[in-house]
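Novice: The structure under discussion is supplied below as structure tokens; questions concerning it will follow.
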Amino acid sequence: LPALNGFPPTSIDDRVLKGLAKTKVASTVVPWTLDRLSAASGYGAGTRSPRFYETLWTTPPSQVSVAWLLAVAQLLRVEDLEASPASVIEALRLAEALAALRGRRRPGLRELCESARSIFATSDAVWSLISTRLILGDSMGSIPEQVPMVPLEADFRATAKRLRIPFETQREYVIDLREPSGLEKSQFFHRLDLLKVRWAIGGAEQNKTSTFKESWLTIWGPDMSIQLIECSVLGNTILSAATQKCLLALRSSPTLSEMSSLFGAALLGGLDAAIEPIARALQDCSAAAADVGELADALPSLAAILRYGDVRRTEARKVLPAVESILIRVCIGLPRSCVQLDDDAASAMSKRLTEVTSVIRLIDRESQLSDWVQTLRQICGMTDCHPLLAGKSNRLLFDLGAVEAASLAEGLGLATTIGATAKEVAGYIEGLLDGPGLILLHQDALLDALDYWLVSIDADVLDEIIPLIRRTFSLFPKPERRKIGEKIARGAQTPATAGGLYDKPRSEMVLPTILAILGLSHE
């Protein structure tokens, strides 16, 4: 206060400011919450227990202990936890006894906490609930309507009013992106989601079967004002703040997968000023990336951008050069990445094969399809490839129409030869059957080959491999498993010869040569 004494007259300030350009400014008051007033939030002047201090401020001193313990009991009963009046009386007596032992006139927070932990807190979770609600607190202040809002919140409310989105407790929206108003609502919700303002929940991730409809659920809460105020440092409008958020994220050197997700967020939010810089950075990052797995992981989100591009009337095609470049590098480097893998790495690579195949189908270009088919054939022909990936590649070739069912049966026959271990065979079959089980219902050659292999296994080997085969079939939906069982129960329509893969007379013709190489007699 002494520093405020002896201020010069306003005439001096007027002379200093004379001739300077005038700029209109506005001020506002920020609503605060009890948890932000606590020292745990990092607030330097905060207290350890703002909610308890509020109780002290609003309650007569002689009634503080009773009021706080009653609040504990009420909180637990609201949460469907046990808290009887007798427990409140017992907790109060314990708190008063502890205060008397420590020479205090009345129980303080320490005594009340110790008695509450002894009587009410049956677990750490219960005590965490009491501590969060009744010691720290979650109440939020309010400001009068006549107080000016920060520009970002003013733009938020004006946009919501223009789009006719009321601030209700909960409301569901089904948006048609083909309508201008629906597209604008979708962009507004996606911009808020990018800013971490959790007002609307849902969006494109919940609508994978449709490219022109989105479902959103708006849940308004008083803390939304705090979230908007926190984002006000990024810009004065929702559009500028979301754009700045994207550009700041781009400067933090994200990975290729993160950058593709960022491009998708900018596209869904209609952030035209951020799309071009992210597209350039995406192409540069994809050209410099050396990990084939990272390249493959980035493709699904980029393909989703292409999927939504036309209906949103945006510049989604800017990502197409990056997608084509990544596909070329994946086709070149993926076969080398399928060797010397353990089971977990092979399982992750199998998912990548499925995702890349989905991207190829989405792009629907003959050149990319031809390159991908050649890549899958190369994986199938590699002797040191993991059996799971060999089987998966064969299955994807069949799904793409590049091979017939007889070829699948032939591959199964080669993979289940005598030299293969039970684990290798099980891995190959798991990859081959990964997908809809209807393939065994409609492709008799494959079912016959699988049946022939199973019935020809020795009993000791069968005991080892049957759990692995059972796990593979358990991935099929129950109706498909039932239909497969019914088809097997009806019996095979043709002899189970695995499509003629094994010809005993012809195989016996090579035995003399093999025996001569091994130096064994014909006996």
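Novice: Output the residues belonging to segment 356-384 that are part of a loop (DSSP other than H, G, I, E, B) and not polar (S, T, N, Q). Step through it out loud before you land on a result.
Specialist: First, pick out the residues of segment 356-384 that are part of a loop (DSSP other than H, G, I, E, B): 364-365, 381-384.
Correct list: Asp364, Arg365, Gly381, Met382, Asp384.
Novice: Just the residues that are over 15 Å from Ala426 (Cβ atoms) and of a type outside the set (Val, Ile, Thr), please, taken from segment 379-393.
Specialist: Restricting attention to segment 379-393, the residues satisfying the condition of being over 15 Å from Ala426 (Cβ atoms) are 379-385, 393.
Those that are over 15 Å from Ala426 (Cβ atoms) and of a type outside the set (Val, Ile, Thr): Cys380, Gly381, Met382, Asp384, Cys385, Ser393.
Novice: Can I ask one more? Would you call Val356 at pLDDT 80 or above and either on the phi > 0 side of the Ramachandran plot or not polar (S, T, N, Q) (or both)? Before the answer, list the steps.
Specialist: Numbers: at pLDDT 80 or above: yes; either on the phi > 0 side of the Ramachandran plot or not polar (S, T, N, Q) (or both): yes.
Yes: the conditions hold for Val356.
Novice: So, one more: When you scan segment 391-421, how many residues do you find that are at pLDDT 80 or above and under 18 Å from Leu454 (Cα atoms)?
Specialist: 1
Novice: For segment 231-265: of the residues being among the aliphatic types (A, V, I, L, M) and in contact with a Gly (Cβ under 6 Å, 6 or more places away or on another chain), which is farthest from Ala288 (Cα to Cα)? Walk me through it before giving the result.
Specialist: Step one: filter segment 231-265 for residues among the aliphatic types (A, V, I, L, M), giving 233-234, 238-239, 241-242, 247-250, 256, 259, 262, 265.
Subsequent filtering for residues that are in contact with a Gly (Cβ under 6 Å, 6 or more places away or on another chain) retains 241-242.
Details: Ala241: 30, Ala242: 28 Å.
Within segment 231-265, the match that is farthest from Ala288 (Cα to Cα) is Ala241.
Novice: Under 6 Å by Cβ, and 6 or more places apart or on different chains, what pairs join a residue from segment 56-83 that is among the basic types (Lys, Arg) with one that is open to solvent by less than 80 Å² (accessible area, probe 1.4 Å) and outside any helix (DSSP H, G or I)?
Specialist: Arg77/Ala83
Novice: A further question on this structure: Determine, yes or no, whether Tyr53 is free of Cβ contacts under 8 Å to residues at least 60 places away in the same chain, of a type outside the set (Gly, Ala, Ser) and touching a strand residue (DSSP E or B) at 6+ places or on another chain (Cβ under 8 Å). Show your work before the answer.
Specialist: Details: free of Cβ contacts under 8 Å to residues at least 60 places away in the same chain: yes; of a type outside the set (Gly, Ala, Ser): yes; touching a strand residue (DSSP E or B) at 6+ places or on another chain (Cβ under 8 Å): yes.
Taking the combined requirement at face value, the residue satisfies it.
Novice: From the residues in segment 18-49 that are among the charged types (D, E, K, R) and open to solvent by 80 Å² or more (accessible area, probe 1.4 Å), which one is nearest to Leu228 (Cα to Cα)?
Specialist: Step by step, filter segment 18-49, then rank; the result is Lys24.
Novice: Residue by residue through segment 214-245, note down the ones that are surrounded by fewer than 21 Cβ atoms within 10 Å (Cβ to Cβ), of a type in the set (A, V, I, L, M, F, W, C) and more than 21 Å from Pro180 (Cα to Cα).
Specialist: Within segment 214-245, Ile219, Trp220, Met224, Ile226, Ile229, Val233, Leu234 meet the criteria.
Novice: Consider segment 455-478. How many of its residues are under 18 Å from Asp434 (Cβ atoms) and in a helix (DSSP H, G or I)? Don't jump to the end; show me each part of the working.
Specialist: Filtering segment 455-478 for residues under 18 Å from Asp434 (Cβ atoms) gives 465, 467-478.
Keeping just the survivors that are in a helix (DSSP H, G or I) gives 465, 467-474, 478.
The qualifying residues number 10.
Novice: Under the condition of being closer than 25 Å to Ala303 by Cβ and not aliphatic (A, V, I, L, M), which residue from segment 387-415 is surrounded by the most Cβ atoms within 10 Å (Cβ to Cβ)?
Specialist: Per the stated criteria, the residue is Lys392.
Novice: Then there is this: Please enumerate the residues belonging to segment 248-283 that are part of a helix (DSSP H, G or I) and small (Gly, Ala, Ser).
Specialist: Step one: filter segment 248-283 for residues part of a helix (DSSP H, G or I), giving 248-251, 256-268, 272-283.
Within segment 248-283, Ala249, Ser257, Ser260, Ser261, Gly264, Ala265, Ala266, Ala273, Ala274, Ala279, Ala281 meet the criteria.
Novice: When segment 349-376 is examined, which residues are found to be under 16 Å from Val403 (Cα atoms) and free of Cβ contacts under 8 Å to residues at least 24 places away in the same chain?
Specialist: First, pick out the residues of segment 349-376 that are under 16 Å from Val403 (Cα atoms): 357, 369-376.
Ser370 - this is the single residue of segment 349-376 that is under 16 Å from Val403 (Cα atoms) and free of Cβ contacts under 8 Å to residues at least 24 places away in the same chain.
Novice: So, one more: Scan segment 113-121 and give yes if some residue there is in a helix (DSSP H, G or I), touching an Asp or Glu at 6+ places or on another chain (Cβ under 6 Å) and of a type in the set (Val, Ile, Thr), otherwise no. Steps first, answer last, please.
Specialist: Filtering segment 113-121 for residues in a helix (DSSP H, G or I) gives 113-119.
Checking the rest, the ones that are also touching an Asp or Glu at 6+ places or on another chain (Cβ under 6 Å) come to 119.
Filter once more, keeping what is of a type in the set (Val, Ile, Thr): 119.
Yes, that holds for at least one residue.
Novice: Follow-up question, since we're still on this one. From the list Leu247, Leu234, Leu262, which residue is within 18 Å of Ala304 (Cα to Cα), out of contact with any His (no Cβ under 9 Å at 6 or more places or on another chain) and aliphatic (A, V, I, L, M)? Explain how you work it out, then say what you get.
Specialist: Values: Leu247 fails: within 18 Å of Ala304 (Cα to Cα); Leu234 fails: within 18 Å of Ala304 (Cα to Cα).
When all the criteria are applied, what remains is Leu262.
The values are calculated or read from the model by the stated rules, or taken from the named source; none is laboratory data. Predicted model, so just to flag it, every value in this text is computed and none were measured. Here the Cβ is made from the backbone with ideal geometry for all residues, glycine too, and neighbour counts use every protein chain on show. Side chains included, ligands, DNA and RNA excluded: accessible areas come from the protein's heavy atoms. Shrake-Rupley method; radii C 1.70, N 1.55, O 1.52, S 1.80 Å.
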